[in-house]
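Here the structure comes first, spelled out in structure tokens, and everything after it is commentary.
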Amino acid sequence: MKFQKKILCIGAGYVGVPSMAMIAAKCPDCRVTVVDINSQRIDAWNSAELPLYEPGLEEIVYKTRGRNLFFAKDIENQIRENDIIFVSVNTPTKMFGTGAGMAADLQYWEKTAREILQYSRSPKIVIEKSTLPVKTALAMERILSSAKGKITFEVLSNPEFMAEGTAIQDLENPDRVLIGSRETKSGLKARAELAGIYARWIPEEKIITSNIWSSELSKLVANAFLAQRVSSINSISALCEKTDANIAEVARAVGMDSRVGSKFLNAGIGFGGSCFKKDILNLVYLCNYYGLPEVANYWESVVKINEYQQERFITNILGSMFNTLAGKKICILGFAFKADTGDTRESPAINITRRLLTEHAEVIISDPKALTNAALDLADEKGAIAYMEDPYRAAAGCHALVILTDWDLYKKLDYKKIYKSMVKPAFLFDGRNILDHNKCFEIGFNVYPIGKPALSHFVKQDC
Ligand SMILES: NC(=O)c1ccc[n+]([C@@H]2O[C@H](COP(=O)([O-])OP(=O)(O)OC[C@H]3O[C@@H](n4cnc5c(N)ncnc54)[C@H](O)[C@@H]3O)[C@@H](O)[C@H]2O)c1
């Protein structure tokens, strides 16, 4: 079959594959190829067991794979053969040198730019899909024009706003698609070409365009705003616990104001995931770099509150369980950073588990999709850890249940049965505020939600 467009994506990860599978599904006349330096990952994408879990992804990959979606290892050939190249490689926080712990590590990004330059034999549209610091396109353009050859490259910014767990829904029906370009004749032409691909299934009013720097910056700012809401509500949850106010009631009252809105107002142990923290820290770094320390401090406080919230949670577990966890068995329900994903990058569960192990607790971890990643994250731990997918088996014989991921399945468990199988007094720490706390208290648990009064069977005694 002769394809109308030949599209390549460099980076077969959480963003690259779902977004390319969606383009392949919606544009059967386009050939879409995804490459990666990790050849095992490519093998897994070509196998019956896909390397990552995302609701609905399997169906769409199985429908398009081998038809107009391909996973390949020959990066050099693929760069040569395709005309439109999305770059969706990882851009983690830099852990060395200048900007360590703050700035984005652009080594994977730059390597890709150099490869595109080296292997290209015809003009390309190069699209930044990764989340990048504002002005990265300038560096990309400088690398791509450094050979002074005849080949022209047009760099566009097209940040991805999908969320893991709902990626397929988000890609099928996004709130918006953003395309940033240089406002030159060739830049506008490239922008129109990319917009034309999305217009195959997304209403035109949702495809918005901007200058390239606004587009790059918008992604960092969008994540900073989302994380800020989480930290805002979590900071108030601390005050609720001191004043007997209830964070769920406060959030409902505040969120019903249409200027505020009700989404992202659930108090909990804070945000995780590969993006929020790194993108805010990157924003903080950029603000400092451009001489705006007040702005930098403002955004950094979002990350600080997130860390504070986890710390409060751990202190609460320790204090409620008579200030010693040594030899006690603690069942962790949920290790993924959020529900409906197996991704554990920056999951609060990593830090919380490590802290429990430091207190010499025995930890039993349960999660429907994230146990393989959990074991990798904790591979260096010497403490007592067991992994059990079945939550009932995991909880049996434990002193406490600690809910760290908002999986739907945890709302539906038989807590009476679980309570019976546990050591008494049994403790329940609901780090995601997803359970019916009164019901669990009536069953017999001592219940510790976030931002709400604890429900304890112990009689309060003043010393
Ligand atoms: N995960 C999300 O929810 C999300 C959402 C929006 C945006 N983003 C951004 O998208 C980008 C990718 O994120 P991700 O979660 O998909 O990362 P990921 O780690 O899952 O995938 C990145 C892939 O790129 C590959 N890679 C790195 N260097 C390469 C090279 N030179 N050539 C070929 N392949 C290379 C890696 O092997 C890896 O498989 C990041 O910038 C991230 O900030 C992520």
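The values are calculated or read from the model by the stated rules, or taken from the named source; none is laboratory data. Since this is a predicted model, take the numbers as computed values, not measurements. Cβ coordinates were reconstructed from backbone atoms using ideal geometry, including for glycine residues, and neighbour counts include every protein chain displayed.
Looking only at residues that are modelled with pLDDT under 95 and within 16 Å of the ligand (Cβ to nearest atom) in segment 61-98, which one is farthest from ALA24 (Cα to Cα)?
Applying the first criterion (modelled with pLDDT under 95) to segment 61-98 yields 90-98.
Filter once more, so that each one left must be within 16 Å of the ligand (Cβ to nearest atom): 90-95.
Working: ASN90: 22, THR91: 25, PRO92: 27, THR93: 31, LYS94: 33, MET95: 36 Å.
Among those that are modelled with pLDDT under 95 and within 16 Å of the ligand (Cβ to nearest atom), it is MET95.
Can you tell me which residues in segment 197-220 are assigned to a helix (DSSP H, G or I), among the β-branched types (Val, Ile, Thr) and outside the structural domain of VAL134 (by TED's automatic domain parsing)? Of everything in segment 197-220, just one residue is assigned to a helix (DSSP H, G or I), among the β-branched types (Val, Ile, Thr) and outside the structural domain of VAL134 (by TED's automatic domain parsing), namely ILE212.
What's the total number of residues in segment 193-231 that are in contact (Cβ under 8 Å) with a residue 60 or more places away in the chain and not charged (D, E, K, R)?
If we filter segment 193-231 for residues that are in contact (Cβ under 8 Å) with a residue 60 or more places away in the chain, which is where we start, we get 193-194, 197, 200-201, 212-213, 216-217, 219-224, 227-228, 230-231.
Still in the running and not charged (D, E, K, R): 194, 197, 201, 212-213, 217, 220-224, 227-228, 230-231.
Number satisfying all stated conditions: 15.
Quick one: which strands (runs of 3 or more DSSP E) sit completely within segment 364-446 and have at least 2 residues that are closer than 27 Å to LEU52 by Cα?
Working: elements: 385-387, 400-403, 427-430.
Correct list: 385-387, 400-403.
If you take the residues in segment 246-279 that are part of a helix (DSSP H, G or I) and over 19 Å from ILE236 (Cβ atoms), which one is farthest from the ligand (Cβ to nearest atom)?
The initial filter retains those residues of segment 246-279 that are part of a helix (DSSP H, G or I), namely 247-255, 276-279.
After this cut, where a residue has to be over 19 Å from ILE236 (Cβ atoms) as well, the list is 277-279.
Details: LYS277: 11, LYS278: 7, ASP279: 7 Å.
The selected residue is LYS277.
Whether a residue is crowded, with 18+ Cβ neighbours inside 10 Å, farther than 23 Å from PRO18 by Cβ and in contact with an Asp or Glu (Cβ under 8 Å, 6 or more places away or on another chain) was assessed, and SER181 passes this test.
When each of VAL254, VAL250 is tested for being over 28 Å from ARG354 (Cβ atoms), free of Cβ contacts under 8 Å to residues at least 12 places away in the same chain and either touching a helix residue (DSSP H, G or I) at 6+ places or on another chain (Cβ under 8 Å) or hydrophobic (A, V, I, L, M, F, W, C) (or both), the lone residue that passes is VAL254. PHE335 meets all of the listed conditions (1) modelled with pLDDT of 95 or more; (2) surrounded by fewer than 22 Cβ atoms within 10 Å (Cβ to Cβ); (3) in the same structural domain as LEU409 (by TED's automatic domain parsing) but one, namely (2).
Residues in segment 78-106 that are free of Cβ contacts under 8 Å to residues at least 40 places away in the same chain and surrounded by 13 or more Cβ atoms within 10 Å (Cβ to Cβ): LYS94, ASP105, LEU106. Of the residues TYR14, TYR53, the single one that is out of contact with any helix residue (DSSP H, G or I) (no Cβ under 7 Å at 6 or more places or on another chain), buried (at least 22 other Cβ atoms within 10 Å of the Cβ) and more than 19 Å from TYR198 (Cβ to Cβ) is TYR14. Among the residues of segment 440-452, are any more than 32 Å from the chain's Cα centre (by Cα), surrounded by fewer than 22 Cβ atoms within 10 Å (Cβ to Cβ) and without any contact (Cβ under 8 Å) to a residue 12 or more places away in the chain? For segment 440-452, residues more than 32 Å from the chain's Cα centre (by Cα), surrounded by fewer than 22 Cβ atoms within 10 Å (Cβ to Cβ) and without any contact (Cβ under 8 Å) to a residue 12 or more places away in the chain: present. Of the residues making up segment 121-174, those that are more than 12 Å from the ligand (Cβ to nearest atom) and under 18 Å from ILE60 (Cβ atoms) are ILE168, GLN169, GLU172, ASN173.
Of all residues being part of a loop (DSSP other than H, G, I, E, B) and closer than 15 Å to GLU54 by Cβ in segment 1-25, which is nearest to the ligand (Cβ to nearest atom)? Just the residue, please.
Just the residues of segment 1-25 that are part of a loop (DSSP other than H, G, I, E, B), to begin with: 1-4, 11-15.
Adding the requirement that they be closer than 15 Å to GLU54 by Cβ leaves 12-15.
Values: ALA12: 5, GLY13: 2, TYR14: 4, VAL15: 4 Å.
Among those residues, the one meeting the criterion is GLY13.
Filtering segment 156-192 to residues that are among the basic types (Lys, Arg) and in contact with a Leu (Cβ under 7 Å, 6 or more places away or on another chain) leaves only ARG191. Determine if segment 47-59 includes at least one residue that is within 9 Å of the ligand (Cβ to nearest atom), among the polar types (S, T, N, Q) and in a loop (DSSP other than H, G, I, E, B). No; the residues of segment 47-59 include none that is within 9 Å of the ligand (Cβ to nearest atom), among the polar types (S, T, N, Q) and in a loop (DSSP other than H, G, I, E, B). Take the conditions in contact with a helix residue (DSSP H, G or I) (Cβ under 7 Å, 6 or more places away or on another chain) and either loosely packed, with under 13 Cβ neighbours inside 10 Å or at positive phi (or both) and apply them to GLY196. Does it pass? No, not satisfied.
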